[in-house]
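Undergrad: Quick one: structure below, then a few questions.
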Amino acid sequence: MSPIHALQSEGTGIDLSGGSLGLVAGVAIVAALALLVAGYLVREVLAADPGTPRMVEVGRAVQEGAAAYLRRQFRTLAGFVVVIPFVLLLLPADDTGAKVGRSAFFVVGAIFSALVGFVGMSLATRANTRTAAAAMTRGERAAVRIAFRTGGVVGMFTVGLGLLGAAVVVLVFRDTAPQVLEGFGFGAALLAMFMRVGGGIFTKAADVGADLVGKVEQGIPEDDPRNAATIADNVGDNVGDCAGMAADLFESYAVTLVAALILGVSAFGERGLVFPLLIPAVGVITAVIGIFAVSPRARDRSGMAAINRGFFVSAVVSAVGVVIVCLLYLPTSFVDFPGMAGSTQSGNPRVIAISAVLIGIVLAAAIQLLTGYFTETSRRPVRGIAEASLTGPATNILAGIGVGLESAVYSALLIAAAVFGAYLLGSGSVTIALFAVALAGTGLLTTVGVIVSMDTFGPVSDNAQGIAEMSGELDEASGEILTSLDAVGNTTKAITKGIAIATAVLAAAALFGSFTDTVTTALGDAGVLPENGRGTVGGLNIAYPDALVGLIIGAAVVFLFSGLAINAVGRAAGRVVLEVRNQFRTRPGIMAGTEKPDYGAVVDICTRDSLRELITPGTLAVLAPIAVGFGLGYPPLGAFLGGAIAGGVLMAVFLANSGGAWDNAKKLVEDGTHGGKGSEVHAATVIGDTVGDPFKDTAGPAINPLLKVMNLVSLLIAPTVVKYSVGTDRNTALRVTVALVAVAVIAAVIVVSRRRGASIAGDPPVAQPTGQDEEKISA
């Protein structure tokens, strides 16, 4: 019997009343309004001057390359979207309607995740030339406005589609909505992970290859049109940082809602199915206010000041809105909830909910400030890395690693404090404590509209600088503006990664609570008592050697996943380096400016390699929980999730912040510090930046969806694992067979991946005949 039905059998009941249905319908309307605001912002962005004909030409090449990549990526991933719903039909659920709904909304979640990514990429590739043109003709304030409003479109799509999907599920399925939402969250998380990994491999392979050959070997500027990797580099910014990160933040939004709704039913009954939707509805309104509040002023020191102002305005308005909603909707005692007249639970539901949501909002602000400190060019850590570069690339690398490791500790402590603070609100109830953790996640995500805007701002400003330079029309004044915006964009991307990591941990912690609840329910369905006290209503007792093994494996999977992603970038970047070198060597007209490089060859390398390489980490994420659960049992599977969360938060922050700090240390030197461009110090910072590229834009961000995919897979398979582990249906042979097959598949894809790596040195250059670049890219 599910937790929902257990509540019903006790007389709680969660059949939504007319008033509750009206509120959920109102939430759906608010979500639809978010999409209308997105349409308004699209019109504003596209109405701006697109720039000179040469800028439009370069921008169109980037646009076509990004669109071609996403089309191929979606074709590659279509198989997963078709096959997995049928697998989900085989897993247990309360009734056939819940099974079908879970499978159907897996597809909806995947489509929404893809749509958010596609919209982000599509508009960003049109806004980059407009941002560059605004910087060249109207100044920094106009450029910041266009770039941030572009991000606002993606932010509105993220909150609009996420909230709309969840509201529709609740309206249609009602009491079984939490089970159906598992499918919705799983579809969003799985596709986001593939897009994050694939886009990250593409963008960083091109970026590393362009920097190593162009800057270090040839001594030409970053976006010099003579570098064959420049178009691929700009394409990568859009498929990785726009499409990939937008999909990542969307799935964070969706999965956090899923966790809150699953636990809300157990904690607050009927209102627990509605209240988690009201908080993000407040976030939609505050996101609109925050986006429009980002209007640079003359006294602002940089574009970052205006962006910070918009974020904190959004956070303050969110806090006020949440308090109002809690006071109006929640009672002051648990006995006042519908169907809970006999409840003995202590505590004030209003105080619990307000405190939990405010913890999430404060955490978002704290993560922003902390991440900004470790990655902004004006702060001591980044300046320290630049100074360490005076003695070469080795000390640059050491300084960047030190900054990343240190920042990971502080960020992890902040997130842990938020989780523990929310947990203490439970008033002795584990269920309410876990719901408070989920509410902290929804509180953090009340600012997600502005957070997504900040993230998209980064690649748009980066592309704007590149397109202006490639067009050959960049003057000194506008060059300084665009360089400043690019540095601000590096910081905003690092901040959004930090907040996304915090969201992932809160969502994973809440899903872990749902997992323990599901295990306890499955034990009851199997007609057995918790095995040796290892599964209880309060959670899972993992103080056993096999559970410790699961804990270690969980942390190890995070390291293996990160290593696979970074190695994939290394292999792809190696092929890009060979191709660009070969073009410079065999076609001297490129350096002389009399012959165009073959941009399409590099785009093709990055596309093929990224789509091929993403299968390995994706397979690991899906099959590792299956191998542990069926092979070792449900307590080690619970420990596996705990180890993955602990290892994941530290690794993700380390990778994201060290990479962001290395990047901005390079920007600091390029602005004239310690000798400026062309100096030995600059070469050292370029090396550091190339190491940091796969850290911050491939492996680090991909850990976020990894944690949620593994938690959701574990949640989905938990009843089956328990069924075949204990009771009359115990089937050790079947469990071992499933586990061995999963391990064999993981081992096979890793072996294939290593063989690809071993063959790089022997690969011939991939040069192709010169042709029309746009035709090659679109092909």
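Residues checked against (1) over 22 Å from residue 700 (Cα atoms); (2) surrounded by 16 or more Cβ atoms within 10 Å (Cβ to Cβ):
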| site | (1), (2) |
| --- | --- |
| 392 | yes, no |
| 397 | no, yes |
| 401 | no, yes |
| 405 | no, no |
| 410 | no, yes |
| 413 | no, no |
| 418 | no, yes |
| 426 | yes, yes |
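Undergrad: Can you name every residue in the stretch 658-681 that is polar (S, T, N, Q) and either surrounded by fewer than 22 Cβ atoms within 10 Å (Cβ to Cβ) or modelled with pLDDT under 90 (or both)?
TA: 664, 673, 679 - these are the residues of the stretch 658-681 that are polar (S, T, N, Q) and either surrounded by fewer than 22 Cβ atoms within 10 Å (Cβ to Cβ) or modelled with pLDDT under 90 (or both).
Undergrad: Looking at the stretch 693-744, which of its residues are crowded, with 24+ Cβ neighbours inside 10 Å and in a loop (DSSP other than H, G, I, E, B)?
TA: Across the stretch 693-744, the qualifying residue is only 725.
Undergrad: Working only within the stretch 89-102, note down all residues that are surrounded by fewer than 22 Cβ atoms within 10 Å (Cβ to Cβ) and part of a helix (DSSP H, G or I). Before you say what the answer is, go through the steps one by one.
TA: The initial filter retains those residues of the stretch 89-102 that are surrounded by fewer than 22 Cβ atoms within 10 Å (Cβ to Cβ), namely 89-92, 94-97, 99-100.
Listed by number, the residues that qualify are 89, 90, 96, 97, 99, 100.
Undergrad: Mind listing just one residue for me: the one in the stretch 89-116 that is of a type in the set (A, V, I, L, M, F, W, C) and more than 21 Å from residue 162 (Cα to Cα) and, of those, modelled with the highest pLDDT? Step through it out loud before you land on a result.
TA: If we filter the stretch 89-116 for residues that are of a type in the set (A, V, I, L, M, F, W, C), which is where we start, we get 89-91, 93, 98, 100, 104-108, 110-112, 114-116.
Applying the additional criterion that residues be more than 21 Å from residue 162 (Cα to Cα) yields 89-91, 93.
Working: 89: 87, 90: 83, 91: 81, 93: 72.
The selected residue is 89.
Undergrad: Considering each of 58, 119, 62, 42 in turn, give the residue that is at pLDDT 90 or above, surrounded by 17 or more Cβ atoms within 10 Å (Cβ to Cβ) and part of a helix (DSSP H, G or I).
TA: Among 58, 119, 62, 42, only 42 is at pLDDT 90 or above, surrounded by 17 or more Cβ atoms within 10 Å (Cβ to Cβ) and part of a helix (DSSP H, G or I).
Undergrad: Going by the conditions given, is residue 75 assigned to a helix (DSSP H, G or I), among the charged types (D, E, K, R) and under 23 Å from the mean Cα position of the chain (by Cα)?
TA: When the stated conditions are applied, residue 75 passes them.
Undergrad: Give the number of residues within the stretch 73-88 that are hydrophobic (A, V, I, L, M, F, W, C) and crowded, with 16+ Cβ neighbours inside 10 Å.
TA: Qualifying residue count, the stretch 73-88: 6.
Undergrad: Going through 570, 554 one at a time, which residue ends up being closer than 20 Å to residue 656 by Cα, in contact with a helix residue (DSSP H, G or I) (Cβ under 8 Å, 6 or more places away or on another chain), at pLDDT 85 or above and in a helix (DSSP H, G or I)?
TA: Numbers: 554 fails: closer than 20 Å to residue 656 by Cα.
Residue meeting the stated conditions: 570.
Undergrad: Let me confirm something: among 639, 684, which residue is over 30 Å from residue 479 (Cβ atoms) and part of a helix (DSSP H, G or I)?
TA: The match here is 639.
Undergrad: Return the residue satisfying two criteria in turn: it lies in the stretch 292-315 and is closer than 15 Å to residue 451 by Cβ and aliphatic (A, V, I, L, M), and of such residues it is modelled with the lowest pLDDT. It would help to see each step written out before you state the result.
TA: Pass one, the stretch 292-315, residues closer than 15 Å to residue 451 by Cβ: 293-294, 304, 307-315.
Still in the list and also aliphatic (A, V, I, L, M): 293-294, 304, 307, 313, 315.
Numbers: 293: 88, 294: 85, 304: 80, 307: 86, 313: 90, 315: 87.
The selected residue is 304.
Undergrad: Select from the stretch 504-535 the residues that are among the β-branched types (Val, Ile, Thr), modelled with pLDDT under 80 and under 17 Å from residue 266 (Cβ atoms) and list them in ascending order.
TA: Scanning the stretch 504-535 gives 516, 518, 520, 521.
Undergrad: From the set of residues in the stretch 609-636 that are assigned to a helix (DSSP H, G or I) and in contact with an Asp or Glu (Cβ under 8 Å, 6 or more places away or on another chain), which is surrounded by the fewest Cβ atoms within 10 Å (Cβ to Cβ)?
TA: Just the residues of the stretch 609-636 that are assigned to a helix (DSSP H, G or I), to begin with: 609-613, 615-632, 634-636.
Those left that are additionally in contact with an Asp or Glu (Cβ under 8 Å, 6 or more places away or on another chain): 632, 635-636.
Working: 632: 21, 635: 23, 636: 26.
Only one residue tops the list, namely 632.
Undergrad: Pairs under 6 Å by beta carbon, first residue crowded, with 24+ Cβ neighbours inside 10 Å in the stretch 186-213, partner not in a helix (DSSP H, G or I), six or more apart or different chains?
TA: Taking only residues 6 or more apart or on different chains, the pairs are 194/614; 197/614; 198/614; 206/229; 209/229; 210/227; 210/229.
Undergrad: Which one of these does residue 684 not meet: (1) under 26 Å from residue 183 (Cβ atoms); (2) surrounded by 20 or more Cβ atoms within 10 Å (Cβ to Cβ)?
TA: The single condition residue 684 does not satisfy is (1).
Undergrad: List pairs: first residue in the stretch 453-472 and more than 12 Å from residue 230 (Cα to Cα) and charged (D, E, K, R), second residue crowded, with 24+ Cβ neighbours inside 10 Å and at pLDDT 85 or above anywhere in the structure, Cβ distance under 6 angstrom, at least six positions apart or on different chains.
TA: Nothing qualifies.
Undergrad: Consider residue 650 against the criteria (1) crowded, with 24+ Cβ neighbours inside 10 Å; (2) under 17 Å from the mean Cα position of the chain (by Cα); (3) closer than 28 Å to residue 403 by Cβ: it satisfies all of them except one. Which criterion is unmet?
TA: Looking at each condition in turn, residue 650 falls short on (1).
Undergrad: I'd like the full set of residues that are touching a Lys or Arg at 6+ places or on another chain (Cβ under 8 Å), more than 30 Å from residue 445 (Cα to Cα), of a type in the set (Asp, Glu) and at pLDDT below 80, limited to the stretch 194-252.
TA: Within the stretch 194-252, 222 is the sole residue that qualifies.
Undergrad: Hey, another quick one. With the requirement that a residue be part of a helix (DSSP H, G or I), surrounded by fewer than 24 Cβ atoms within 10 Å (Cβ to Cβ) and of a type in the set (D, E, K, R), what does the stretch 214-232 give you? Working first, answer last.
TA: Taking the stretch 214-232 and keeping what is part of a helix (DSSP H, G or I), we get 214-217, 230-232.
Now restrict to residues that are surrounded by fewer than 24 Cβ atoms within 10 Å (Cβ to Cβ): 216-217.
The answer is 217, and nothing else.
The values are calculated or read from the model by the stated rules, or taken from the named source; none is laboratory data. If you're wondering where the values come from, they're calculated on a predicted model, not measured in any experiment. Counting neighbours? That spans all protein chains shown, and the Cβs are built from the backbone with ideal geometry, glycine included.
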